[in-house]
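K.L.:
To start, I am sharing the structure in question, which I have written as structure tokens.
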Amino acid sequence: MRIGSLAAAAKFGFIALLAQAVAANAAEVKVMAGAAMRGAFGELVPQFERATGHKIVIEYGGGGTLRKQIEAGEAFDLVIIDSAEVDDLIKQGKIAGDTRMDIVRVGIGVAVCEGAPKPDISSVDAFKRMLLSVKSAPYSNRCAPTKT
């Protein structure tokens, strides 16, 4: 999915979900969202706040981390995480099932340096062997929970 498509989908989903989550006279809305939403929300949140007068407080983190916080009883108005995590929380009664909405699909990529041989990632076992054979594997730590 291209960034423009992601932003458009996120904008639509964000507005639709907030419409469900915000009470008529709410002053502050607590949102828990996957780290991948940070870019789109950087533009959307100020627009929403100006248009509605509501203050959005977002905690970004990995889906598993946010799920654990919800299971522990942390309050929220809206959660945007992986659908499997949402389904689990619905089964536990932590999220109202009739409020679930799919808004975006995310892909994950693997890349190597220019000129390096292409890794074999054709199966789970091949991918595992490739990961175990490399000298280094950089990754993004943007999934650590942060608040804005």
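Readers should treat all values here as calculations from the given coordinates under stated rules, not as data from a laboratory. This one's a predicted model, so the numbers in the text were calculated from it and none came from an experiment. Note: ideal-geometry Cβ built from the backbone for every residue, glycine included; neighbour counts use all protein chains shown.
K.L.:
I need the calculated FRET efficiency for the pair Ser122 and Met101, taking r as the beta carbon distance and R₀ as 35 Å, to the nearest 0.05.
P.N.:
0.55
K.L.:
5 Å is the cut-off here: which amide hydrogens, built 1.01 Å from N in the peptide plane, fall below it relative to Val79, excluding neighbours closer than 5 in sequence?
P.N.:
Residues meeting the criterion, in which the H sits 1.01 Å from N, are Met32.
K.L.:
Continuing with the same structure: Mind listing the long-range amide H neighbours of Ile56? Cut-off is under 5 Å, sequence gap 5 or more, other chains count too, H placed in the peptide plane at 1.01 Å from N.
P.N.:
Val29
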